[in-house]
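J.: Okay, handing you the structure first.
Values in this text are rule-based calculations from the coordinates and carry no lab data. Bear in mind that the values here come from a model prediction, so they are computed numbers and not experimental data. Cβ: placed from backbone, ideal geometry, glycine included. Neighbour counts: every protein chain shown.
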Amino acid sequence: MATTTFNGVTKRFGRKPAISDLSVTIREGVFLGLLGPNGSGKSTMLKLIAGLYRPDAGTVLIDGDPPSPATKAKVAYLPEIDHLYSWMTVKQTLDYLSAFHRDWDKARAGELVRFMGLDLSARVGRLSKGMRARLKIVAAMSRSAEVVLLDEPLSGIDPPSRSKVLEAILSEYRLGSQTIVMSTHDVVETESLFEEVLFLKDGKVALSGNADALREERGKSIRDLFEEVYA
């Protein structure tokens with residue numbers, strides 16, 4: 001399992017910091033909700049863990065090591081943008097991805113494809129947005145990665161696909177032996193998944209902690225806390 005630590009991390013784009021002097025630890029084996037509106041720094045934080053960005057100041061450590069090819073083998077990253085090749089079929093897409101990852105679980109991928117109702121012969125470019133979102137989840141959850149990063153996996157998709165995506169994530173989450181970090185600004189459907197939450201505001205931590213403890217201490221749901229933090 002992998003613990004992820006941010007030590008005084010700042011990441012700027014131009015003069016504006018997307019992440020500012022951020023120091024947090026993401027414990028191993030938890031399902032963390034990374035919460036905040038668009039522009040709060042969620043995607044930047046995930047890309048720093050995935051090794052797609054480098055901090056301008058501070059350090060990001062995964063099991064004590066900075067992001068590298070070795071840590072990328074432990075991390076599965078699902079971006080918000082559609083990164084799939086439209087000319088490939090579903091089967092070609094999964095075969096292509098499996099060639100890159102030693103931890104690819106072919107049996108799990110097959111089970112997820114059936115659960116998601118995907119047609120292996122269908123062209124990705126002809127899939128609806130909801131079905132493409134389902135395929136992206138298959139791609140992320142078919143790996144046996146220690147850390148799974150999901151960037152707005154429910155963004156802009158239809159209710160049936162949202163339900164399927166959430167069911168698949170929950171069914172494949174290996175409680176206690178895998179860390180999942182899901183960024184979202186929609187907590188209505190997702191808050192029951194989160195063991196811990198981290199609210200980002202202007203690239204800084206506005207609130208964090210165990211989800212159940214925060215509900216008890218504040219007497220509010222995570223959704224209500226979201227509205228309070230970003231009022």
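J.: Cα convex hull of the chain: mean projected area in nm², to one decimal?
T.: Over every viewing direction, the Cα hull of the chain projects on average to 12.4 nm².
J.: Considering the convex hull of the alpha carbon atoms of region 1-114, report its projected area averaged over all viewing directions, in nm², one decimal.
T.: Mean projected area of the Cα convex hull: 8.8 nm².
J.: Evaluate E = 1/(1 + (r/R0)^6) for ALA99 and ASP65, where r is the Cβ-Cβ distance and R0 equals 35 Å; express this FRET efficiency to the nearest 0.05.
T.: Plugging the Cβ-Cβ distance into 1/(1 + (r/R0)^6) gives 0.90.
J.: Then there is this: Quick one: net charge of LYS201's neighbours, Cβ under 12 Å, K/R +1, D/E -1?
T.: 0
J.: Share of antiparallel DSSP beta bridges in the chain, in percent to the nearest 5?
T.: Roughly 55 percent of the beta bridges in the chain run antiparallel, per DSSP.
J.: What net charge do the residues around GLU172 carry, taking every other residue with its C-beta under 11 Å from that of GLU172, with Lys and Arg at +1 and Asp and Glu at -1?
T.: It works out to a net charge of 0.
J.: In addition: Whole-Hz ³J(HN,Hα) for each residue in region 33-49, computed from phi via Karplus 6.51 cos²θ - 1.76 cosθ + 1.60 with θ = phi - 60°, x for glycine and proline: what do you get?
T.: Couplings: x, 9, 10, x, x, 4, x, 7, x, 4, 5, 4, 4, 5, 5, 5, 5 Hz.
J.: List the aspartates and glutamates whose Cα sits under 15 Å from the Cα of LYS72, skipping any in the same chain fewer than 8 residues away.
T.: Cα-Cα hits under 15 Å: ASP63, ASP103, GLU146.
J.: Lys and Arg at +1, Asp and Glu at -1: add these up for the other residues within a Cβ distance under 10 Å of HIS185 and post the number.
T.: Cβ neighbours under 10 Å give a net charge of -1.
J.: Restricting to Cα pairs below 8 Å that are 6+ residues apart, what does the relative contact order work out to for region 14-99? Please round to a whole percent.
T.: 18
J.: What per residue convex hull volume, in Å³, do the alpha-carbon atoms of region 1-63 yield?
T.: Looking at region 1-63, the number lands at 78 Å³ per residue.
J.: Modelling each spin label as a point 7 Å along the Cα-to-Cβ direction, I'd like the THR10/SER128 distance in nm, to one decimal.
T.: 4.7
J.: Taking only DSSP H segments of four or more residues, each worth -39500 (n - 2.57), what value at 222 nm results for the chain once the sum is divided by all its residues, to the nearest 500 deg cm²/dmol?
T.: Theoretical 222 nm ellipticity from helices: -9500 deg cm²/dmol.
J.: Now a separate question. Rounded to the nearest 10 degrees, what's the angle between the helix 159-172 long axis and the longest principal axis of the chain, both from Cα atoms, 0 to 90?
T.: 80
J.: Then there is this: State, as an integer percentage, the relative contact order of region 53-130 based on alpha-carbon contacts under 8 Å between residues 6 or more apart.
T.: 34
J.: Here's another thing I want to ask about it. Give me, ordered by chain and number, the residues 5 or more places off TYR77 or on other chains with an amide H under 5 Å from its own placed amide H.
T.: When sequence neighbours closer than 5 places are left aside, the close amide H contacts are LEU149.
J.: Kirkwood Rh over alpha-carbon pairs of region 53-116, then Stokes-Einstein at 37 °C and 0.692 mPa s: what D in µm² s⁻¹, rounded to an integer?
T.: 229
J.: Using 1/(1 + (r/R0)^6) with R0 = 35 angstrom and r between the beta carbons of ALA231 and TRP87, what's the FRET efficiency to the nearest 0.05?
T.: Plugging the Cβ-Cβ distance into 1/(1 + (r/R0)^6) gives 0.15.
J.: Apply the Debye scattering formula to region 107-231, with a single equal point scatterer on each alpha-carbon and no solvent, then give log10 I(q)/I(0) at q = 0.09, 0.11, 0.12, 0.13 Å⁻¹.
T.: Normalising to I(0) and taking log10 leaves -0.29, -0.43, -0.51, -0.59.
J.: If you fit an axis through the alpha-carbon atoms of helix 106-116 and take the longest principal axis of the Cα set of the chain, what angle between them do you get, 0 to 90°, nearest 10?
T.: 90
J.: Give the lysines whose C-alpha is closer than 23 Å to that of LYS164, dropping any in the same chain fewer than 8 places away, or say none.
T.: LYS91, LYS106, LYS129, LYS136
J.: Here's another thing I want to ask about it. Just tell me which lysines come within less than 24 Å, Cα to Cα, of LYS204; anything on the same chain fewer than 8 places away is out.
T.: Straight-line reach from LYS204, under 24 Å: LYS11, LYS16, LYS42, LYS47, LYS220.
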